[in-house]
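Novice: One structure, as structure tokens, below. Some questions next.
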Amino acid sequence: MPSAIVKRPRRWDQPFGESMSREELGRVLSAPHFAQMDEDNFPAHTSLAGLIQNDCRLRQFSANELIVSAGEYLNSAFLVLSGQVLLVRGASADQQADNSITAPAYGFWQALAKEFNRSTYPETREIISARGTRQNRQETNRVKSRQVDIESLLEVKGSDAIELHTGDLFGEAAVLGRNELLSSVVAINTVEVLEIRWQGLREFRKYEPAFKAFVDDLYRQRGLYEHLLTLPLLRHIDRTKIKQLAEIALFEVHGNFAWQKNFNSLNRRIDEDNYYNELIESEPRIAGEGDYPDGVLLLRNGFARISRKINHGHYTLGHLGAGGVFGLREVYSAWQQGKSQALPCSLSALGYTDVIRIPSQWLEQHVFSDSENRLLQQALQTALDDSQQGGQLQDAGVSVDRKLIEFTVENRYINGSKTMMIDLERCTRCDDCVTACANAHDNNPRFLRHGPKFGQYMVANACMHCEDPVCMIGCPTGAIHRSANGIVQINDQTCVGCSSCANNCPYENIRMVPVRDQQNQLYVDDKAQPILKATKCDLCIGSSAQPACERACPQDALTRIDLKDLVSLAEWVGR
């Protein structure tokens with residue numbers, strides 16, 4: 001087969017934004033934080049000026065313009081260069097904005113045009129190797145301008161605001177924690193910000209210790225207060241007392257930011273006799289069974305396993321996700337009875353987990369002393385449900401095999417928000433799901449109809465659009481990123497084929513494929529090595545049939561499901 005020789009893509013072939021002028025670069029270099037950076041700390045291939053020019057972009061906003069909204073997922077942090085912005089905690093601005101974020105969908109004529117223009121050959125691409133064509137990777141689903149009424153935003157019950165000025169940073173918590181933004185940010189007047197995509201933020205923190213210390217300290221301080229505001233148990237507490245709590249509460253980090261490496265290593269030994277116990281014992285212990293708690297634990301992000309020792313092994317009771325509470329019943333019972341209560345189970349980190357430890361003494365003084373506190377009683381019941389992972393099922397009148405819960409936790413499928421599950425007893429192997437996926441993606445399906453099984457159920461090899469998408473960690477260009485509404489996407493034009501996302505995916509749901517031109521010629525470099533691109537499920541974004549695989553199944557054997565939602569899982573299993 002003939003080949004088309006092209007230049008192999010490189011990291012900075014397509015910068016994050018439009019080229020900065022020499023004046024603009026100088027202005028950024030003299031801005032707070034950058035003015036203190038030592039250019040000699042950066043290697044030649046990742047120079048300070050190169051990072052600013054290629055991993056950052058300048059953006060301007062007018063008064064009352066929404067910059068980011070609570071509930072969005074970010075791939076960038078923002079540094080205020082001029083003007084003032086208002087960071088509003090506890091209120092989403094999207095409902096007030098003139099335009100909200102929506103995934104683009106094809107209309108009838110667009111869908112028809114797509115059908116007629118479908119590539120004849122699989123994985124057909126237009127390779128752009130020359131520097132100059134720029135893609136706004138993270139802005140694909142974001143409108144250009146969203147205006148909000150700041151006063152109305154501040155009137156939202158439970159909201160809290162602070163002003164940010166030149167040199168202040170925002171968005172770092174959502175980027176570093178790989179979770180939703182908890183605050184909305186609005187321009188008070190004309191504002192210029194430097195948007196720093198994740199790859200640049202990573203390098204600045206790597207080579208500049210002072211900047212890393214600044215970002216990490218901000219991440220802890222701001223994260224403490226913002227997450228305490230989200231706790232239903234504290235909803236009635238005065239903000240002044242919440243700020244006092246933020247000063248004495250402990251912020252803890254458990255596990256590894258790149259947790260998939262250890263998980264993948266252990267997963268290769270799944271057939272060994274002691275694999276399950278060794279897996280649990282390898283997980284960083286947050287709180288141990290039999291310990292006497294000195295406070296209540298609040299998960300800020302990530303996941304944690306709740307387990308109990310039985311004989312010489314471990315028994316998984318369930319898991320906690322962001323916002324989960326652990327130890328509340330024991331601390332409350334100890335206060336009621338006047339004697340310490342031991343924890344009946346252990347809590348261990350599943351990957352990278354941030355935890356806030358609220359001191360018992362503060363709770364006793366400000367929360368437990370109110371015996372008529374309805375929110376306290378609700379929180380106590382929720383804590384029981386969380387620790388047993390059964391209350392929510394009983395309330396819904398459904399049940400699910402506990403071993404299935406263990407299966408989802410053990411394999412970290414609780415990380416997926418859109419996991420593809422197939423009921424093999426209903427599936428007739430007609431391949432309609434595969435065909436529909438291929439039809440929606442230029443002749444190549446974006447998933448494999450095989451994977452780990454539990455009884456009659458199989459978790460197929462399809463992107464799960466994880467809450468903690470570790471596939472994004474090593475991407476050098478930001479090609480794999482998360483849209484504002486949480487869909488993990490790959491920008492084909494900026495993918496350099498490095499395979500880091502495929503190697504980092506703990507579920508083997510990303511594949512590297514050779515690509516070709518419209519004449520069916522494989523693209524190769526000057527050494528005759530094929531040009532590879534990363535491919536995976538994109539939930540058929542932009543199509544009217546989202547996702548096509550699920551809609552095409554004639555036997556209702558396939559679903560895309562959030563495996564943290566036990567009620568939905570139980571209802572699907574019990575059909």
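Novice: Contact list please: Cβ distance under 7 Å, first residue in segment 553-566 and at negative phi, second residue in a loop (DSSP other than H, G, I, E, B) and of a type in the set (Ser, Thr, Tyr), pairs at least six apart or on different chains.
Specialist: Within 7 Å, the pairs are Gln555/Thr428; Asp562/Ser417.
Novice: Criterion first (within 18 Å of the chain's Cα centre (by Cα), farther than 16 Å from Cys537 by Cβ and not small (Gly, Ala, Ser)) does Ile473 satisfy it?
Specialist: Considered against the rule, which asks whether it is within 18 Å of the chain's Cα centre (by Cα), farther than 16 Å from Cys537 by Cβ and not small (Gly, Ala, Ser), Ile473 comes out as yes.
Novice: Please verify whether segment 508-521 includes one or more residues that are charged (D, E, K, R), in contact with a Gly (Cβ under 7 Å, 6 or more places away or on another chain) and either touching a residue at least 60 places away in the same chain (Cβ under 8 Å) or farther than 30 Å from Cys430 by Cβ (or both).
Specialist: No.
Novice: One residue is enough: does segment 11-19 have a residue meeting the conditions assigned to a loop (DSSP other than H, G, I, E, B), farther than 25 Å from Ile487 by Cβ and of a type in the set (Phe, Trp, Tyr)?
Specialist: At the first step, the residues of segment 11-19 found to be assigned to a loop (DSSP other than H, G, I, E, B) are 11-19.
Then keep just the ones that are farther than 25 Å from Ile487 by Cβ; that gives 12, 18-19.
From what is left, the residues that are of a type in the set (Phe, Trp, Tyr) are 12.
Among the residues of segment 11-19, at least one is assigned to a loop (DSSP other than H, G, I, E, B), farther than 25 Å from Ile487 by Cβ and of a type in the set (Phe, Trp, Tyr), which makes the answer yes.
Novice: Taking the condition of being within 19 Å of Glu252 (Cα to Cα) and part of a helix (DSSP H, G or I), how many residues in segment 334-367 meet it?
Specialist: Number satisfying all stated conditions: 4.
Novice: State which residue is surrounded by the most Cβ atoms within 10 Å (Cβ to Cβ) when the search covers only segment 552-575 and only residues that are more than 21 Å from the chain's Cα centre (by Cα) and assigned to a strand (DSSP E or B).
Specialist: Applying the first criterion (more than 21 Å from the chain's Cα centre (by Cα)) to segment 552-575 yields 552-559, 567-575.
When the remaining residues are screened for being assigned to a strand (DSSP E or B), the result is 558-559.
Details: Leu558: 24, Thr559: 18.
By that ranking, first place goes to Leu558.
Novice: Here is a follow-up. For residues that are over 16 Å from Leu201 (Cα atoms), open to solvent by less than 40 Å² (accessible area, probe 1.4 Å), part of a strand (DSSP E or B) and not charged (D, E, K, R), tally how many sit in segment 22-66.
Specialist: Count: 2.
Novice: Still on this model: Under 7 Å between Cβ atoms, at least 6 apart or on separate chains: pull out the pairs that start in segment 526-548 with a residue that is modelled with pLDDT under 90 and end on any residue that is part of a strand (DSSP E or B) and open to solvent by 40 Å² or more (accessible area, probe 1.4 Å).
Specialist: Short answer, once both residue conditions are applied: Asp526/Ile5.
Novice: On the given criteria, is Leu245 farther than 21 Å from Ala70 by Cα and open to solvent by less than 20 Å² (accessible area, probe 1.4 Å)? Show your work before the answer.
Specialist: Numbers: farther than 21 Å from Ala70 by Cα: yes; open to solvent by less than 20 Å² (accessible area, probe 1.4 Å): yes.
So Leu245 fits the description; yes.
Novice: Continuing with this model, one more query. Given the residues Arg329, Arg308, which is the only one that is outside any strand (DSSP E or B) and at negative phi? If you could, list the steps in order and put the result at the bottom.
Specialist: Working: Arg308 fails: outside any strand (DSSP E or B).
Within the list Arg329, Arg308, the selection yields Arg329.
Novice: Follow-up question, since we're still on this one. Can you pull out the strands (runs of 3 or more DSSP E) entirely within segment 432-551 that have at least 2 residues that are open to solvent by less than 20 Å² (accessible area, probe 1.4 Å) and either in contact with a helix residue (DSSP H, G or I) (Cβ under 8 Å, 6 or more places away or on another chain) or more than 30 Å from Ala174 (Cβ to Cβ) (or both)?
Specialist: Details: elements: 457-459, 480-482, 488-490, 511-514, 522-524, 532-535.
Result: 457-459, 480-482.
Novice: Hey, does segment 294-304 have a residue that's over 30 Å from Val175 (Cα atoms), touching a helix residue (DSSP H, G or I) at 6+ places or on another chain (Cβ under 9 Å), at pLDDT below 85 and open to solvent by 10 Å² or more (accessible area, probe 1.4 Å)? Let's see the steps before the verdict.
Specialist: Here is the first cut: in segment 294-304, the ones over 30 Å from Val175 (Cα atoms) are 294.
Now restrict to residues that are touching a helix residue (DSSP H, G or I) at 6+ places or on another chain (Cβ under 9 Å): 294.
Subset that is at pLDDT below 85: none.
Taking every residue of segment 294-304 in turn, none turns out to be over 30 Å from Val175 (Cα atoms), touching a helix residue (DSSP H, G or I) at 6+ places or on another chain (Cβ under 9 Å), at pLDDT below 85 and open to solvent by 10 Å² or more (accessible area, probe 1.4 Å).
Novice: Against the conditions (1) farther than 25 Å from Val191 by Cα; (2) at pLDDT 65 or above; (3) among the basic types (Lys, Arg), where does Arg59 fall short? Just the number, please.
Specialist: Here Arg59 clears every test but (1).
The values are calculated or read from the model by the stated rules, or taken from the named source; none is laboratory data. This structure is a prediction, so every number in the text was calculated from the model and none was measured. Cβ atoms come from the backbone with ideal geometry, glycine included; neighbour counts cover every protein chain shown. Surface areas here come from the heavy atoms of the whole protein model, side chains and all, with no ligands, DNA or RNA. Shrake-Rupley method; radii C 1.70, N 1.55, O 1.52, S 1.80 Å.
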